[in-house]
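Here the structure comes first, spelled out in structure tokens, and everything after it is commentary.
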Amino acid sequence: MQFDQILQYTLSGLSTGAIYALIGIGFSIIYNATGIINFAQGEFVMLGGLFTLSCLEFLKLPLWAAIPCAIAASTLVGILFERLAIRPLKQPTPINLVIITIGGSILIRGIAMLVWGKDTHSVPPFSGDTPIAIGGATILPQHLWIFAITLIIIFLNKVYFYHTISGKAMRACSYNRRAAGLVGIDVRRMVLFSFIISSAMGAVAGIIIAPLTMTAYDVGVMLGLKGFCAAIIGGMSSGLSTVIGGLILGVLESLGAGLISSGYKDAIAFIILLLILFIRPQGLFGKSNSERV
Amino acid sequence: MYLGVKMKKMSLLLVSVCLSLICATVSFASGTIRIGALFSVTGPASFLGEPEKKTLELLVKEFNEKGGINGRKLEAVIYDTGGDATKAVQLATKLIKDDKVSVIIGPSTTGESMAVIPVVEKWKIPMISCAAGIKITDPVKHWVFKTPANDHIAAEKILNYMASKKQKSIALLTVTDGFGASGREQIKALAKKKGFAIVADEVYGPKDTDMTAQLTKIRGIKPDVIICWGTNPGPAVITKNVKQLGLKTPLYMSHGVASKKYIELAGADSAEGVMLPAGKLAVYDALPKGDSQYKLLKGYDQTYKKAYGTEASTFGGYAYDAFLLAANAIKKVGSTPEQIRAGIEQTKKMVSISGVFTMSPKDHNGLDLSAFEMVKVVKGDWSLLK
């Protein structure tokens, strides 16, 4: 096995993994604030890509303006989703909420199919598509965008959760909702915030991968599941361990496809998911959570 | 309580009597010929069913405006199967028993077609499937026809072209759905027969977003050519990945991506030089003017564009072929199911969208190698390969 092949597998894996990581963080932010797994997370990835397309093609905006518009539009959908589907619920048991998010994801996908049609659409790359050679391997400029934006988002996340009042309040909610409420934190508002942040992040993920993978009304399903795997490997933390979870997943998939067989690519992801759930349900890097009794 | 139940039963009975009366009057009053259709207009195979439905509606309207067939109007009864075989079987039974159709066009997918075959055989209604699977008409079934050319014809077209270029070793990259699996089998069988070597046999999932891993592996093996078998968006991703990795190996695609959409998705730059067998509809502009299908193809594309605002697709063409086969049979032989069946089987040199059909008791598909042209992407457009 040649070195440049391994290098290519790793690089390809890292770039896919970065996307899984971004989507995975979206999962864990909502999970930490509300205790639910938002299975509609993948749909925001889809919305990000498709809104960008609409801004480019129908509003004729330049790319730098289309992207913020698309993020804003997807975030608005996230807010509406929280307001109309999550908040009015009389008995917010986790199982009800999970089923609602699944229903919501099917609804959003259905509407997207009617609005944008069933075709796959392409989005232009941010800065050309001349391959860049690294050693014997090649990546595209878009991959660099993905790495850079993922890093920036992780950094902003860290700042928000550890150095702002509302970020700290959200963490408080994740430890103990009742106690957070008692000390004067508006828990419902924190839930809304968590939906805003994660839908915006999902949209960003969708926008930065659309030039590579193209986009369609149904891209959210598989990406959502992979993001969920990443979050599980990372132990549902909204920080670095989910990122590492995503990267591990991406690299293993790519190495597995290259060295073992491409037929088992998706199986590898889900076998890892099952193994983690069986052996280390707290995630690869998590301490067992005895404090959350 | 008891009375209530009784009342309910009575009213149910009444309703059903009324309903059956209505149905009866409808079927007696019509001098029209009813054509049933099962298309997967929604669901995962909607890219097949939607253009098929639109095409059939267009054709029925066109024929009726010209006075129908032999003075009798046509009526299309179209049901959406959602790509579900169980639903297709139920709807096929409904078409036959309730709607009393004389012929069934569709279903859109191979799985659904195989499920519906026992139904049409039982009720002796001819069916013209719009699905590509070879097993639909091989072995030949008395009541069953199909319009898309078999996958092995497309595969053979590629291998014949490779032979003319003295390319010997093949790396396969196929999608893990029915289309890819069928293509993979056909190419392997044909390659063995014709003396080509399969040196890599890779697959990818229909929703995969990055195939550089498979291509890197293939790059290490250094085959003469790569053959990719799938429908969008996978092949477009692969085309981009090939460009990214700087692979210079000739890349062949299947007829599954023979539409402008593919070039648009992959980008004209990345798709430059990709070769594939295409149905003539995709490339009619490039055909020599003397081609027997040229006028029909152009007419179909333009009418479709005028009616729906999008380009006509090969898939809609399958419904076009099926309708034309049925219409010709009705015109020449008659409109009972048995007459239509016999009429379709007698079809000789019928010029249509997918090719020129010549049926026989031994061939219920009726297309040969001439159904496809080898084309190459040059500057974002198709150009014919000789």
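No lab work stands behind these numbers, since they all come straight from the coordinates. Given the structure is predicted, the values throughout are model-derived calculations rather than measurements. Counting neighbours? That spans all protein chains shown, and the Cβs are built from the backbone with ideal geometry, glycine included.
Pair-distance distribution of region A:152-293: all C-alpha pairs, bin width 10 Å, starting at 0; shares per bin in whole percent are 10, 32, 36, 17, 5, 0. Rounded to the nearest whole angstrom, the semi-axes of the ellipsoid equivalent to chain A, taken from the Cα gyration tensor as √(5λ), stand at 30, 24, 17, largest first. When only Cα pairs under 8 Å and 6 or more residues apart are kept, what is the percent relative contact order across chain B? With pairs under 8 Å counted, the relative contact order is 16 percent. For the pair residue B:121 and residue B:177, label points projected 7 Å from Cα toward Cβ lie 2.8 nm apart.
With the convex hull of its Cα atoms as the shape, region B:45-121 has an orientation-averaged projected area of 5.2 nm².
Over region B:294-386, calculate the relative contact order: mean separation of alpha carbon pairs under 8 Å at least 6 apart, over the residue count, as a percent.
17 percent
Largest GNM mean-square fluctuation across A:80, A:56, A:275, computed for chain A with C-alpha springs under 10 Å, falls on A:275.
Annotation: the residues B:318, B:294, sorted from fewest to most other C-beta atoms within 10 Å of their own C-beta, follow the order B:294, B:318. Bridging of residue B:122 to aspartates and glutamates at a Cα separation below 18 Å is possible for B:98, B:99, B:112, B:338, once same-chain residues fewer than 8 apart are set aside.
Rounded, prolate or oblate: pick one for region A:82-193, where a ≥ b ≥ c are the square roots of the eigenvalues of its C-alpha gyration tensor, a/c under 1.5 means rounded, and failing that, prolate if a/b is larger than b/c, else oblate. Oblate shape, in that a/c is at least 1.5 and b/c is the bigger or equal ratio. The HN-Hα couplings worked out from phi for region A:239-248 by the Karplus form 6.51 cos²θ - 1.76 cosθ + 1.60 (θ = phi - 60°) are x, 4, 5, 5, 4, 4, x, x, 5, 4 Hz, whole numbers, x standing for Gly and Pro. Neighbour counting of Cβ atoms within 10 Å sorts the residues B:123, A:64, fewest neighbours leading, into A:64, B:123.
Tell me, Kirkwood radius of region A:103-146 from alpha-carbon pair distances, in Å? One over the average 1/r among Cα pairs gives 13.4 Å for region A:103-146. With θ taken as phi - 60° and the Karplus curve 6.51 cos²θ - 1.76 cosθ + 1.60 applied, the whole-hertz 3J(HN,Hα) list for region B:81-93 is 8, x, x, 9, 5, 4, 5, 4, 5, 4, 5, 5, 4 Hz, x standing for glycine and proline.
Bridging of residue A:158 to lysines at a Cα separation below 19 Å is possible for A:168, once same-chain residues fewer than 8 apart are set aside.
Per Stokes-Einstein, at 25 °C and 0.890 mPa s, what whole-number D in µm² s⁻¹ belongs to the protein assembly as shown, with the Kirkwood radius over Cα pairs as the hydrodynamic radius? Result for D is 89 µm²/s. When restricted to Cα atoms, chain B yields an Rg and a Dmax of 23.0, 85 Å, respectively. Model label sites at residue B:294 and residue B:64, defined 7 Å from Cα along the beta-carbon direction, differ in position by 3.5 nm. Shape call for region B:252-360 from the C-alpha gyration tensor, a ≥ b ≥ c root eigenvalues: rounded (a/c under 1.5), prolate (a/b greater than b/c) or oblate? It is prolate, given that a/c is not under 1.5 and a/b is the larger ratio. Taking amide H positions as modeled 1.01 Å from N, with prolines and chain starts lacking one, the residues under 5 Å from residue B:129 and 5 or more places away or on another chain are B:106, B:145, B:146, B:147.
Looking at the square roots a ≥ b ≥ c of the eigenvalues of the Cα gyration tensor of region A:172-215, which shape do they give, rounded for a/c under 1.5, prolate if a/b is larger than b/c, or oblate? Note, shape of region A:172-215 comes out prolate.
Neighbour counting of Cβ atoms within 10 Å sorts the residues A:46, B:374, fewest neighbours leading, into B:374, A:46. Which aspartates and glutamates does residue B:260 reach when only Cα atoms under 14 Å apart count, and residues fewer than 8 places away in its own chain are ignored? Leaving aside aspartates and glutamates fewer than 8 places away in the same chain, those within reach of residue B:260 are A:119, B:269, B:272, B:285, B:301, B:311, B:381.
Only Cα pairs under 8 Å and at least 6 apart count here; give the relative contact order of region A:142-282 as a rounded whole percent.
About 17 percent, as a whole number.
The distance separating the Cα centre of region A:71-131 from that of region B:337-386 comes to 43 Å. Stokes-Einstein diffusion for region A:11-80, with the hydrodynamic radius set to the Kirkwood value over Cα pairs and evaluated at 20 °C in a medium of 1.002 mPa s, equals 161 µm²/s.
Remark on residue B:103: its backbone amide H falls under 5 Å from those of B:36, a criterion applied only to residues 5 or more positions apart or on other chains, H modelled at 1.01 Å from N.
Charges were assigned to the Cβ only: +1 to each Lys and Arg, -1 to each Asp and Glu. The resulting dipole of the protein assembly as shown about its Cα centre is roughly 860 debye.
For chain B, modelled as a GNM whose springs connect Cα atoms under 10 angstrom apart, the maximal fluctuation among B:83, B:195, B:267 occurs at B:195. Among the trypsin sites (Lys or Arg not before Pro) within region B:259-302, those in coil by DSSP and having at most 10 neighbouring Cβ atoms inside 10 Å are B:289. Backbone phi angles across region A:106-111, fed through the Karplus curve with coefficients 6.51, -1.76 and 1.60 (θ = phi - 60°), yield HN-Hα couplings of 5, 5, 4, 4, x, 5 Hz in residue order; Gly and Pro are listed as x. The reciprocal of the average 1/r between distinct C-alpha atoms defines the Kirkwood hydrodynamic radius, which for region A:1-124 equals 16.5 Å.
Between Rg and the Kirkwood Rh of region B:254-317, both from Cα atoms, what is the Rg to Rh ratio?
Computed over Cα atoms, the ratio is 0.98.
Extending 7 Å from Cα along the Cβ direction at residue A:163 and again at residue B:140 yields two label points whose distance is 7.9 nm.
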